[in-house]
Every structure is written in C-alpha cells, then in structure tokens.
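Readers should treat all values here as calculations from the given coordinates under stated rules, not as data from a laboratory. Keep in mind that this is a model prediction, so the values were computed, not measured. Positions of Cβ are backbone-derived with ideal geometry, glycine not excepted, and every protein chain shown enters the neighbour counts.
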Amino acid sequence: MPALSRILRMMMGATAAATVLLVVGTPRHHRRWTVRPRRASCHPPLSYPRASSSIRDRRCHRQRRRSRIPQYSPRGGGGGAPFRKRGGASVVVTPSSSVQTSASPSSSSGGNDSSSSSSSAKPIRVAFQGEAGAYSEKSLRELLGHNVISVPRPNFESCYRAVASKECDYAIVPIENSLGGSIHENYDLMLRYDLTIVAEHDFRVRHCLLTMPGLDPKDVRYAISHPQALSQCDNYLRSRGILPIPTYDTAGSAKMISECIRGVIGGRGLPEGCTPDNTAAIASNLAGITFGLECKEEGIEDDDSNFTRFLLLGRGGVVQYLNKKIPSKTSLVFTLPNNAGALYKSLACFSLRDIDMSKIESRPMSAALLNYLRFRNTVTMNNRGGGVGASLSTDGELPRFRYCFYLDILSSELDEGVQNALHHLREQSDYCRVLGSYPANSRLVGPVAEAVDALNAANENKMHEAELRLKGLPSDDDDSRRLNIGFVGYGAFGQYLSRQMSSHHNVRCIDPLDKSKQAEENNVEYFPTYDASNFLHGLDVVVIAVPMIELEETMESLPLEKLRNKLIVEVCPLNVYPRTVLSRMLPPNTDILCTNPMFGPGLPLDGVPFVYERVRINDARRANCFLSIFERARCQMVEMAAEDHDAYVADAEFVTHLTGRLLDRNLLPVSPVSSKEYSALCDVADMTTNDTFDMFYGMFKYNNRAKELLNTMRDNLASVERKLAAKEAYLAASAEMKNTDRQKLLAECRMLLREMAKSNANSVVESSPIDDTQQDK
C-alpha cells in the first residue's frame with residue numbers, strides 16, 4: 001500500500017493522491033478514527049519489557065479503531081499543515097467603531113475609518129487579563145502580531161467567559177513563570193471551562209522604569225508596581241535608594257501615574273506620598289507607550305532568565321492540523337484513585353512507550369468539582385457508546401485532600417503511542433481529559449494561522465501608530481445591569497434563590513400566603529395574589545418557583561398578556577413537562593429558560609451543577625445576565641436539552657428524595673458519635689424533608705419510571721428482608737444442630753463410660769474366684 005501511495009502521488013499530484021488514499025489505503029497517521037466499545041485491554045502489564053510494549057501496542061492498534069480522538073480530515077496536499085512562527089508583520093486591520101487605538105492617553109477614544117481592503121479579513125478578538133499595555137498583551141502581540149484586537153479583562157475568569165460566550169475568539173493566559181512558579185488559578189479555570197489549548201508562547205519578561213515625560217531618574221523616590229515585579233527588581237531599587245510600593249497591577253501602575261498627570265477624576269489615585277514628580281512605574285515598554293510615559297531604563301530585573309509561559313485558548317482544537325514535522329505538545333489532566341502506586345502506574349503508561357514528559361504538577365480540587373467532572377465524564381462515555389475510558393470508582397470515601405494531576409508530554413495526541421498511552425491511562429484514572437494538543441515553540445497552525453495570515457494579507461503595506469484594543473465587551477454592561485426579578489411562589493427554595501439575587505438585583509415576590517415577613521428579611525418586596533398586575537409591571541425576569549403539580553394552574557392564574565417580552569424561568573427538578581406547559585401557554589414573544597439548580601438551602605454553590613436549556617430566547621443579553629448570577633457564584637453551568645436532563649437526573653432525584661423521606665428522624669436519632677455514612681444520611685433526610693410533599697409528588701407524577709423505581713425499591717427491601725430471614729434461620733439451624741450434636745456427643749460419652757464401668761466390673765468378678773482358691777491352698 002505505501003508503494004501505491006507513491007505511485008499515485010507521482011501520477012496524480014499530492015492533493016489527488018491524498019483524496020484517493022482516504023478510500024484505498026490511508027496511511028496510519030492520516031486515518032479516520034471512530035469511537036467503538038473496547039473489547040480488551042490495550043496496554044501492556046507493567047512488568048513487560050519495552051519491546052513487548054511496542055508489539056502489544058501495534059497488535060491492539062490493528063484490533064481496535066476506537067480512539068477518543070475526534071474524527072478529522074488531513075489537510076489537502078502532501079506537505080502537512082501550514083504554520084507560522086511568533087510575531088506577525090507590522091500590519092493592521094482597520095478598526096471598526098467599537099475598537100480603540102491607543103498610542104497615547106489622548107487617543108484612547110479615537111478610531112480610524114474602515115477601508116475596503118480589510119473588509120474581507122475577519123477580525124480576531126483576543127482577551128487578556130490586566131490593563132492595557134500589560135505583559136499579557138505584549139505576549140499576544142509577539143505571538144499573533146499587531147493586527148489582532150486585544151480585549152483587556154479585569155480577571156482571568158472573565159477571559160475564559162469571554163471566549164466561552166463567543167464574545168472573543170481566543171484568550172491568552174499565563175500558566176507558569178520561571179521564577180514565580182505556576183499560576184494556579186488558570187489551572188483550576190481550565191477544568192471549569194471547556195476551552196482547548198491551541199498554542200503556547202514563552203515570553204521574555206523585561207521590566208522597564210517608566211516616569212512622566214522629562215523627569216530626571218535621580219528624582220525618583222518611589223516605584224509602584226505589582227508585588228512580584230517589585231521583588232524581581234529588588235537589587236536595582238536598593239542600589240538607587242528607591243522605595244518599592246506594591247499596587248494591583250504592573251500596567252495599572254503606569255495608568256495611575258498617567259491619570260494623575262491628566263487629572264482624571266474617579267481613577268485610582270497614587271499611594272500616599274507619591275506624586276508624578278517623584279514616582280516611577282515598573283511595567284512593560286508597551287504600557288509606557290499606551291499611557292504616554294517615558295522609559296528611562298529597560299531590563300532592570302535582577303535575573304535575566306525571567307520567562308513566562310502563555311497559553312492561547314480557543315473553543316476548538318488544532319490537533320488535526322499537526323503532523324510529524326511539527327514539534328508538538330499535549331497537555332492533559334487526570335485524577336487517580338487513592339491506591340498505593342497509582343501515580344507510578346499512570347506515569348508508566350508514557351515511560352513504557354518512550355514518550356517524553358516536560359511537566360507534571362498536582363493541584364487540590366473540591367469534592368463538588370470532582371463529582372461534576374465524573375458526571376460529565378460519564379455522560380461523554382455514554383454519548384460515545386461506552387467502553388472507552390475508565391469506569392468511575394465509587395467504592396470507598398473520597399480523601400479529605402483530593403488531587404488532580406496536570407501533565408505535559410512532547411508528542412501529538414494523534415501519535416499511535418500517545419493514543420495507546422491515553423487508553424491505558426483512562427483505564428486507571430477516575431477522570432482524564434486532554435486539555436489540548438498544539439504546536440510547540442510559539443508556532444501557529446490551522447484556523448489560527450489562517451486567520452492571522454488573512455489579516456496580514458488584507459492589510460499588507462499598511463502602517464499604524466497604535467495598537468488595536470477594545471474598551472470592553474457587551475457583557476460588561478450585563479454585569480452592572482440590575483434586573484427586575486419576580487418570584488411566583490415564595491416557598492423555602494424561592495426564598496433561598498432570592499437571597500442570592502437581592503444584593504445585585506431588584507427582587508419582588510408573590511404568593512397566596514402572607515410572606516411579607518420572610519420577604520422583608522431577604523430585602524424582597526412582597527405582593528399579594530390579587531395584585532398580580534402590579535407585580536408583573538416592569539419585571540425583566542419571572543421565576544416560577546411552585547411545585548410541578550401546580551405549574552399549569554399557576555400559569556392560568558397569571559395575566560399572560562402581561563408576560564410578553566419577559567423572560568420566564570422555571571426551576572423544577574424535571575424539565576420536559578414544564579417546557580411543554582410553558583411553550584404551549586405563553587405568547588410567542590415570551591422568552592423561556594428551563595433550569596434545574598441542583599442545590600438547596602445551606603449548601604455552597606461552588607462547583608454545584610446548574611443545568612439549563614434555552615428553550616426560546618429572543619433577548620440573549622437578558623438571559624446571559626440572569627445566568628451570570630450563578631456563574632459568578634462559581635456554579636458549573638451545564639447547558640443540556642430537557643430530554644437528556646430528565647434521562648440523567650429524573651431517576652436519581654426521585655430515588656434521593658424517596659430515600660430521604662423514608663429516613664424519618666425517628667430512624668436517625670441524634671448521636672454524639674457518628675460515622676460519615678450516618679452524617680450523610682442525616683443530610684439527605686434534612687434536605688429532602690425541607691421540600692414540600694407537592695414537589696415530591698410532582699417528581700413522581702411526571703416521571704414515567706417512578707412506579708418502576710418504587711417497585712424496584714420494594715423488591716430490594718423484600719430481598720433484604722428475605723436475606724435477613726434466611727440468615728437468621730441459618731444461624732438458628734446452625735445453633736440447633738450444634739446443640740443436637742452436643743447432646744449426641746454427651747450420650748455417646750455416657751454410653752462409653754457405662755461400657756467401661758461394666759467391663760471393669762466383669763473383670764473384677766472374673767478374677768476374684770482364682771484369688772480365693774489360691775488363698776485356700
């Protein structure tokens with residue numbers, strides 16, 4: 001088959017040959033992979049020699065075409081995927097009205113007119129953390145060039161959210177520093193968001209001393225910057241007698257001096273004693289250009305080996321654009337059971353196949369997040385047909401400190417050895433996820449390279465004097481927007497939800513019972529049921545917090561015409577039935593959001609799933625603003641269709657509430673000494689009994705499998721009773737048998753003793769006549 005490939009390439013050209021090869025005989029590294037159930041183990045025992053590992057991998061590779069790698073098509077041509085090195089040409093895409101160019105503070109609000117030459121190139125928005133001119137922005141300029149649009153964000157999580165919500169195309173975040181170590185927050189955020197690493201860049205950090213124009217460096221008495229930057233320039237500052245003062249950001253320090261020079265009202269003021277005449281900022285030279293400061297000295301850091309590794313994150317991966325000619329990296333995260341030697345065995349999956357590892361790090365994680373990742377892993381396995389990946393271990397308790405491991409390997413995910421190693425690892429781990437397979441050494445491939453090259457071509461021979469930068473995103477207004485939210489039904493769960501919202505939004509409630517006291521305690525305005533029209537007036541969001549069996553009746557009692565152009569949110573434990581009712585009864589221009597907040601009063605929200613479905617959304621910004629309430633609370637936002645939600649959650653919720661209602665407090669008395677299992681049962685009983693029976697009845701009525709589950713519970717209880725009765729009968733029979741055997745043994749002993757006594761007596765009688773005869777003689 002390789003010979004046929006060469007002949008076809010010579011006769012038809014590289015592109016046509018590649019097309020025919022997909023049909024006749026695709027090379028191994030260009031094959032399409034499909035997910036199929038795994039029939040046998042695909043890894044060698046740890047005691048095998050390396051040669052056996054390679055042979056076994058090749059045999060498993062021939063037997064199995066069920067890699068977890070998504071299907072891909074190799075790019076046409078025989079040369080592999082194109083790539084470009086870091087740093088683009090000095091060209092610029094003409095900004096739109098929403099983009100600002102910032103050569104100096106005075107030009108921060110200006111913009112250039114659009115031109116026809118750049119209309120064909122799609123602009124690229126890249127989010128970064130920090131103020132304009134931060135090191136993150138300079139890093140993205142080195143990697144992607146000066147024609148992309150940078151978007152400053154206040155924190156790392158907002159960068160992830162901007163890409164996940166499609167407001168930005170990519171985000172660039174620091175992951176580790178050669179002097180300061182890892183940035184742990186970004187490791188944790190990579191678990192919470194489904195973004196993929198598409199590129200990396202090693203950025204050389206060069207600190208600059210920035211002052212107001214015309215200031216003599218000898219007059220500088222104070223230096224303001226981020227604490228880490230100040231510590232990296234400690235020797236330089238000491239030698240010049242400059243007092244370091246920590247602030248919130250490096251580029252932010254330059255911004256503070258600039259705002260003080262221009263007399264900006266409402267900005268961050270300089271620390272006490274600092275003025276533009278005696279204070280310098282330590283930041284990048286880009287920050288000096290951005291805020292109009294002079295760079296008095298560059299490279300003032302004590303250690304010239306100060307590098308920061310940045311990752312470029314996107315919504316889609318680039319693994320299908322990698323080939324053997326491109327040096328690649330693959331980053332993954334996994335968790336392991338709490339067994340002896342588990343980490344050693346997991347690393348052996350790679351060492352046995354001669355796969356080089358460049359980094360490994362462990363990080364603690366919360367139990368809620370781990371359970372959510374396991375749930376998502378199970379859903380993914382079921383959607384792919386099962387059989388691929390480890391079965392989740394549920395026996396035993398989770399340790400107090402739970403760790404996940406981050407690993408970087410110097411190979412592509414498409415390599416045969418890496419695929420077998422990942423299959424091997426998934427058999428041992430509770431959770432395993434590939435964070436991305438991407439080119440090393442600041443290269444770009446695939447859609448990223450194509451988009452950057454298109455911008456370069458569209459803006460060839462054009463000069464610019466400022467960086468393209470957005471002031472903000474549309475969602476920034478949503479974060480500061482105060483919604484008018486109304487709760488229809490103000491029971492225990494409605495009160496709990498209103499407490500989460502009343503601090504940032506205007507909340508009101510309506511209920512047949514007098515809930516004015518509870519509403520006042522939660523800073524909520526109460527309306528009686530006869531005042532429904534005034535209650536609905538001016539509302540943005542209406543949350544239906546009533547039991548499912550009352551949902552249709554409640555909707556009929558509301559003036560439906562006044563629900564037009566509002567967002568209706570239901571919070572029922574099931575979603576299919578509420579979605580059907582709301583879609584049928586509400587006007588077409590009413591937005592519908594079906595949700596299931598999988599938490600309750602007294603529980604932390606961090607890491608807890610919040611499942612939702614956008615059934616009918618016309619005002620996306622309003623819906624996103626409402627969902628951001630739970631996003632900011634660090635809930636795991638899971639967008640899932642109602643049918644899938646009920647298939648995964650309905651049975652579990654019903655069994656949980658059924659178990660909690662069976663566990664009456666009389667069965668769970670308070671104990672000064674209790675096990676963790678007993679405490680968990682008490683928690684289940686408390687959480688379920690706080691809910692109304694109407695809600696539980698709704699879970700029973702609108703779950704088609706509820707009666708089957710009840711019968712199963714009844715059969716299981718009967719089975720346990722039969723096992724207990726059988727065990728009791730067995731022990732009684734055993735005891736009776738032992739007693740009978742003992743009686744038989746005693747009887748036999750008595751008979752033996754009688755026989756022995758009788759035999760002794762006979763022997764005495766027989767011997768006595770002889771003795772008398774002898775005596776007479």
Scan around residue 575 for amide H atoms under 5 Å from its own, H built in the peptide plane at 1.01 Å from N, and keep only partners 5 or more places away or cross-chain. 646
Taking H placed 1.01 Å from N in the peptide plane, check which residues at least 5 places from residue 508 or on another chain put their amide H under 5 Å from its amide H. 485, 486, 487, 525
Taking the alpha-carbon centre of each part, the distance from the range 406-427 to the range 202-234 in Å is 44
Kirkwood Rh, the range 481-659, all Cα pairs: how many Å? 16.4
Would you mind telling me the antiparallel percentage of the DSSP bridges in the range 523-643, rounded to 5? 35
Magnitude of the Cβ-charge dipole of the range 479-614, K/R +1 and D/E -1, about the Cα centre, nearest 20 debye? 300
How big is the Rg/Rh ratio for the range 434-573, C-alpha atoms only, Rh by Kirkwood, two decimals? 1.28
For the range 525-548 versus the range 572-646, the gap between their alpha-carbon centres in whole angstrom: 18
Assuming a viscosity of 0.890 mPa s and a temperature of 25 °C, what translational diffusion coefficient in µm² per second does Stokes-Einstein assign to the range 409-465, Rh being the Kirkwood radius over Cα pairs? 168
Using Cα centres only, tell me the gap between the range 308-352 and the range 156-173 in whole Å. 22
Placing one identical point scatterer on every Cα of the range 465-511 and ignoring solvent, what is log10 I(q)/I(0) from the Debye formula at q = 0.15, 0.26 Å⁻¹? -0.51, -0.92
Packing-based exposure ordering (other Cβ within 10 Å, fewest first) of 253, 328, 182, 305: 305, 182, 328, 253
Highest mean first, how do 723-730, 130-137, 267-274, 405-412 rank when packing is the count of other Cβ atoms within 10 Å averaged over residues? 130-137, 405-412, 267-274, 723-730
